[in-house]
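Working notes, beginning with the structure itself.
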Amino acid sequence: MNHITSLKRSNQSSAGPDGISYQFLTHLPDTCLEVLLNIFNSIWETGIIPPSWKEATIIPIPKPNKDTSDPKSYRPIALTSCLCKTLERMVNSRLVWVLETQGLISKYQCGFREDHSTLDHLVRFETFVREALARKKQVLAVFFDLEKAYDTTWKHGILTDLHELEFRGKLPIFIQNFLSDRHFRVRSGSQYSDSYRQENGVPQGSILSPILFNLKINNIMKSVSSNANASLFVDDFALYIEGKHLQHLERTMQLCINKVHNWVSNNGFKFSILKTTCVHFHRQRIFKEPLIKLDGQPVPVKTEAKFLGVLFDNKLSFEPHIMALKRKCQKALNILRVVGHTDWGADRETLLKLYRTLVRSKLDYGSIVYGSAKKHILKTLDPIHHQGLRIALGAFRTSPIQSLYAESGEPSLEHRRLKLSLNYAAKLNSMPENPGFESLTDSSPIEFFETKKSGPSFGARLQNHLEKIETKYENIDNIKVRKPPPWEQYNVKFDTSLTEFEKGNTNALVLQKEFLNLKEQYNEHYEIYTDGSKQDHKVAAAFFLPDDPGDSVSARLRDYSSVYSAELEAILMAMKMVKSKLSRRKRHFAVFVDSLSALQALENRHFKNKNKAQHKLPTNRRVMIPKRRWSTLSRKLTLMSMETTFMKPLSHTWVKQASRPTSYYYARTKQVSKRTWYQAKQARKPANHTKPGIRSQPYYVPIRKR
């Protein structure tokens, strides 16, 4: 049932005004869940939503470093009904599926969308500016700020857009009733304000609000002129153009802004002129400031502007961003100092986790973009990294830096940035429809930037590193997996009762008895056993039919595939056999699977992994059961899959001959930092025989109490 899946995906947030929490809903028995589903169906049929579900409690949270006496210095957190949010999640999954599969959302909207992030626009914008400066051009960029974007969203405009996208029937009626007649009140401590009617905007804290806002803001991209570039992340909007003459840039940008402003005004939004910023990127010593107007008022021209969390300066040196980042990380290190007291503080593992969460995460964000800064600027962040590791490890200030890396398992920031860049590029190259894809494919070669003052673009920076790890991005598979509709239900039962017994703590005879008892429950089913195995970089999958051994199949997968992929491939091959041959003779099947994670992925329809087997489960009747490795059939099946690892790889029509899975490139990127360590040591012995003499360095760690 889809409503059960929606409950599983809840984040256990606080209850709304009705007092019903997710914890209560997830523990309901099946009979109550059936009643709940009937209530949801009745609401969907009639379009009438209970009034209590449209009430919200607003809790004001003060913004950091703001005047607490000013009401604008608070961020509203809305608590709404968990029952309503469960129904919203069901509607949202269906609406998003239709919008994505039919391509109704703009390619350049990266907010609240799967496989999209702020990095897509950051890399795209940085590449655009780098390429322009290298060609001795100028770039004029305007970063807009929508004033109270959610609160001013035009309700009728959302319904109009739904109608223009040819949505008919019950969905527009449900959305209309969902947005109308909503009320809220503010809670401060134990005190509540009066209830107020929400006249406009999408409700705060709602599951449907992000997609409804995306739907309304989506058409802003149609107002952008063809000779301008635009980026959109929820309500963060930017326009940028390139050219050699500032006068031409001003005229082109002004015409584009006029069109965008007209669309914004006609659709109920408003730009904040004070927060809208213009930045002129150039390499000229003598220059004139551009004059751009928004609604008749000049847009402030600054030497730097923050876009999606990264501070871009007009020389693209990223020095202001790195200095601000350093100050922010120094404050986060104070938390480690407090928690890391040698007498009563946390142990090493806890401190390392805190460091990675509080400090390293800040250093990681945007690092693939600001990593193009000069080396002497980037090195100002190294002391932050080293200081955090010393606090977590309890090391002295004189401890060698290489020892800190080896002891903590952390690479240097330089190698960390390179690894993140290579991993992101591998992911980006597998998604041609991503707006950042052109940053790799259309990037100029590294030789083009060698004689330029401007640093190389993102794609060019990686070219030398790709050659070192023997990688070609054109060999990475494109991800084109079409998810099944969320309303399509599997006619499959998943039985994971055997997982209640731990293999390490349960006698084999007990497992055998429980397995035989389980088989007895499905004695009328046709048995199928699946397995996957991996040896070195070779991977294979197989399924075995005890009643028809001749129809059993084993196949080799592409090298460097994961065991997880092999397990799913084995299930997929078995299902194809069922669909093509066995379904004519048998109606009920019991598939014994060796991977609990594969079963959980198949049972959970909302997964982020792009493995095709997860989306190809047929809908005829069968049972999925995890098996244990003690049985003779399981050992025989494992032997089949291991023998197949030395066979010719399995051929897919959707895989290029020279293609490799992304996991191959992830594995290659890990070798970069190791190579530097061993080159620095100049070890005469092979790397795998090098003594673990790191601890014999002048490096002492105080004993922490656990």
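General remarks:
- Taking amide hydrogens as placed 1.01 Å from N in the peptide plane, the amide H of residue 496 sits under 5 Å from that of no residue at least 5 positions away in sequence or on another chain.
- Taken along the Cα-to-beta-carbon direction at a fixed 7 Å, the label points for residue 501 and residue 596 span 1.4 nm.
- Difference of contour (0.36 nm per residue) and Cα-Cα distance, residue 188 to residue 482: 101.2 nm
- Estimated FRET transfer efficiency (residue 100, residue 397; beta-carbon r; R0 51 Å; 0.05): 0.45
- Taking a point 7 Å from the Cα of residue 327 along the Cα-to-Cβ direction, the residues of the range 342-370 with backbone N closer than 18 Å to it are 362-363.
- Take the Cα of residue 465, step 7 Å toward its Cβ, do the same at residue 26, and the gap between the two points is 3.8 nm.
- If R0 equals 25 Å, the separation of the Cβ atoms of residue 537 and residue 115 corresponds to a calculated FRET efficiency of about 0.40.
- Contact order for the range 100-238, expressed relative to its length and based on alpha carbon pairs under 8 Å spaced 6+ residues apart, stands at 38 percent.
- Normalising the Debye intensity of the range 293-348 to I(0), with uniform scatterers on Cα atoms only, and taking log10 at q = 0.19, 0.21 Å⁻¹ returns -0.77, -0.84.
- Gyration tensor analysis over the Cα atoms of the range 319-475 returns equivalent ellipsoid semi-axes of 34, 16, 14 Å (largest first, whole Å).
- Length gained when the stretch residue 48-residue 364 is fully extended (0.36 nm per residue, less Cα-Cα span): 109.1 nm
- Inter-site label distance for residue 374 and residue 176 at 7 Å from Cα along Cβ, in nm: 6.3 nm
Read the figures in this text as sums done on the coordinates, not as results from a lab. Fair warning: this is a prediction, and the values are worked out from it, not measured in the lab. So basically every Cβ, Gly included, is an ideal-geometry build from the backbone, and we count neighbours across all protein chains shown.
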